[in-house]
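**Q** Provided herewith is a single structure, encoded as structure tokens, for subsequent inquiry.
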Amino acid sequence: MLVKNFHDLPQELQCEEVRPYFEILNQRRTSLLCKSIFDRVMAAGMLITLSPVFLVLAIMIKRDSEGEVFFRQTRVTQYGRTFGIYKFRTMVKNAESLGAQVTSQNDMRVTKVGNMLRSCRLDELPQLINILLGDMSFVGTRPEVPRYVAAYTNEMKATLLLPAGVTSVASIAYKDEDQLLQNAQNVDEVYINEVLPGKMAWNLKSIKEFSFLQDIKTMIDTVLAVLH
């Protein structure tokens, strides 16, 4: 939940660019409470229901390539706290040491099964664990790695007022992000200077318009975008 007072925020968030967003969310605490309860209940139910799917996907991943079933990476969530995000592994073992921390289209590190999982967004399913643990929410700014968060402007830091999300309006708008990075000579540089500002503009707009019902709409729009 959101802290009660602006001055209770971590020091790096106590800036005038963040204050307007804090005030907006402070007036919508009922929606924030509904969001929190919904996240935990829905995540628990989906983990139980989808457990057979998890098992099948785990077998497919292990048979396809060497490495663990789950991929874990340090990301940043509410108030700048770091956590280990869960995903089904879609790339070769030790892929992070072989290239950028974002993936471009036709990335040679992506496995055959991994490509299938990414196309259907099934690699994101284990993030239900992160939601149940309180690290993430169904809807919110996608969690970035620390090096990308370090490039945030003061206004962008307002996205850290809420838990990171599995999906968002920005995620839908940038669902083909890998294609934007396809021809980049320096993927990390292009992502920070060109892609990230556009995504964050969407994320900041979403905070201004935040409501629990808007979150539900974003979840529905995400499903439709994946099926399209």
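**Q** Answer yes or no: is there a residue in segment 88-99 that is at pLDDT 95 or above and exposed (fewer than 12 other Cβ atoms within 10 Å of the Cβ).
**A** no
**Q** Can you go through 83, 22 and tell me which one is of a type in the set (Phe, Trp, Tyr), surrounded by 13 or more Cβ atoms within 10 Å (Cβ to Cβ) and out of contact with any helix residue (DSSP H, G or I) (no Cβ under 6 Å at 6 or more places or on another chain)?
**A** 83
**Q** Looking at 185, 179, can you tell me which residue is open to solvent by 80 Å² or more (accessible area, probe 1.4 Å) and touching a residue at least 60 places away in the same chain (Cβ under 8 Å)?
**A** Result: 179 is the single residue among 185, 179 that is open to solvent by 80 Å² or more (accessible area, probe 1.4 Å) and touching a residue at least 60 places away in the same chain (Cβ under 8 Å).
**Q** Which is without any contact (Cβ under 8 Å) to a residue 60 or more places away in the chain, β-branched (Val, Ile, Thr) and in contact with a Ser or Thr (Cβ under 7 Å, 6 or more places away or on another chain), of 141, 159?
**A** 159
**Q** Looking at segment 151-228, what helices (runs of 4 or more DSSP H) fall wholly within it and have at least 1 residues that are of a type in the set (Phe, Trp, Tyr)?
**A** Ranges flagged: 196-208, 212-227.
**Q** Sort out which residues of segment 64-80 are at pLDDT 90 or above, out of contact with any Phe, Trp or Tyr (no Cβ under 7 Å at 6 or more places or on another chain) and open to solvent by 70 Å² or more (accessible area, probe 1.4 Å), and write them in order of number.
**A** The answer is 68, 74.
**Q** Another question, if that's okay. When both residues are 6+ apart or on different chains and their Cβ atoms are under 7 Å apart, which pairs have a first residue that lies in segment 31-52 and is of a type in the set (Ser, Thr, Tyr), and a second that is at pLDDT 95 or above and part of a helix (DSSP H, G or I)?
**A** These pairs meet every condition: 31/212.
**Q** Right, another one. Inside segment 49-59, can you point out the residues that are open to solvent by less than 70 Å² (accessible area, probe 1.4 Å) and farther than 17 Å from residue 132 by Cα?
**A** The answer is 53, 57, 58.
The values are calculated or read from the model by the stated rules, or taken from the named source; none is laboratory data. As the structure is a prediction and not an experimental result, all values here were calculated from the model. For neighbour counting, all protein chains shown are included, and Cβ atoms are generated from backbone atoms with ideal geometry for every residue, glycine included. Heads up: the accessible areas ignore ligands, DNA and RNA and are worked out on the full protein's heavy atoms, side chains in. Shrake-Rupley method; radii C 1.70, N 1.55, O 1.52, S 1.80 Å.
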